[in-house]
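Heads up, the thing below is written out as structure tokens.
The values are calculated or read from the model by the stated rules, or taken from the named source; none is laboratory data. Computed from a predicted structure; not experimentally measured. So basically every Cβ, Gly included, is an ideal-geometry build from the backbone, and we count neighbours across all protein chains shown. With ligands, DNA and RNA removed, areas are computed over all heavy atoms of the protein, side chains included. Shrake-Rupley method; radii C 1.70, N 1.55, O 1.52, S 1.80 Å.
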Amino acid sequence: MQITARADDPDGGVKDVQIWIDAETTTFNPNGSPVITPPVPSTAPVASTSSQAAVGDPAPASSSVTHSLTPAVMTTPQTRRFVIRARAVNFHGGAVVTQSLVVTVPSSVAPPSPGRVCGRSGGAPVITLDSSLAAVGQRPGRQHIGYALQSGDGVEIIVDDAPGLARTQMLVEVDLDPVGGVTKSKRIEAWAFCQGSFVNAVAAGGAGGIGAGVVCNPLTPANDFRSGCTTFTAPMLITQANTDELWLRREPTPGVWNTAEGIDQSIWPVFGGRRVRFIWLFPRD
């Protein structure tokens, strides 16, 4: 930002034009709560153009000063706020200060998700992903993550690039590995915090009855890890604003859904901005 201040005084003459800046920074605790550092009032202007005219010398009727403000590149989540004002002084000792101009530079690094504890008791467990998984989940290109549910189920998570997606968005889909014996329908649901509001869901099941003349292929890179004999819904787009939890569910009996496990808002630092496919690998069902 280039800031210019100008003062005019054809009668008394301009002795000095100054630019003053106070800065305030908001950082974030590990649990996502903001920490505001109050601005420290400046003790000196960041730019000044003082006239050296002595008694009897002509005084400038107009003067200006320019200052370039370049905020440093952010490597941690933080929001900065600059309060900018100008001050002019004439040779008669008069001074005037402009109204403040407030410039806010939002964080270019996503803050951590706010830590919240759900009051739910009993039922399926709610899991927090280890933060170290973000090193894999956010790595460019296709990544594979093995995920063992506490119920004993095993899932492979394929993470892909999703051009155009913000870190606060995610594409989620689900599929099965029928060659490994997983044939019954599976479902992933997106909910707000503590299953407070249903957002959307994706599901996968057998196509035309697996085992009734249907040939399934082993999952390999050559077939993009698709068996060719399942039906699955299109990926759902979720956002951090509406989704805090993903719930993995299974259908051991037609029409009866059991909840295997929930994953809390820790999904966002790991999978935010990515396309995520959950493939149910076992147990046989």
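Miscellaneous remarks
- Taking the Cα centre of region 139-285 as reference, the dipole from Cβ charges on Lys and Arg (+1) and Asp and Glu (-1) amounts to some 180 debye.
- The charge dipole of the chain, taken about the Cα centre with unit charges on the Cβ atoms of Lys, Arg (+1) and Asp, Glu (-1), comes to about 340 debye, rounded to the nearest 20.
- Oblate is the label for region 136-198, because a/c, from the alpha-carbon gyration tensor with a ≥ b ≥ c as root eigenvalues, is 1.5 or above and a/b does not exceed b/c.
- Per-residue HN-Hα couplings for region 220-225 [Karplus 6.51, -1.76, 1.60; θ = phi - 60°; Hz; x = Gly/Pro]: 9, x, 5, 9, 6, 6
- The mean accessible area for residues of the chain, using a 1.4 Å probe and ignoring ligands and nucleic acids, is 51 Å² per residue.
- Antiparallel DSSP beta bridges within the chain, as percent of all bridges there, nearest 5: 90 percent
- Here the Karplus curve 6.51 cos²θ - 1.76 cosθ + 1.60, taken at θ = phi - 60°, turns the phi angles of region 43-52 into couplings of 9, 7, x, 7, 8, 7, 10, 9, 6, 9 Hz, with x standing for Gly and Pro.
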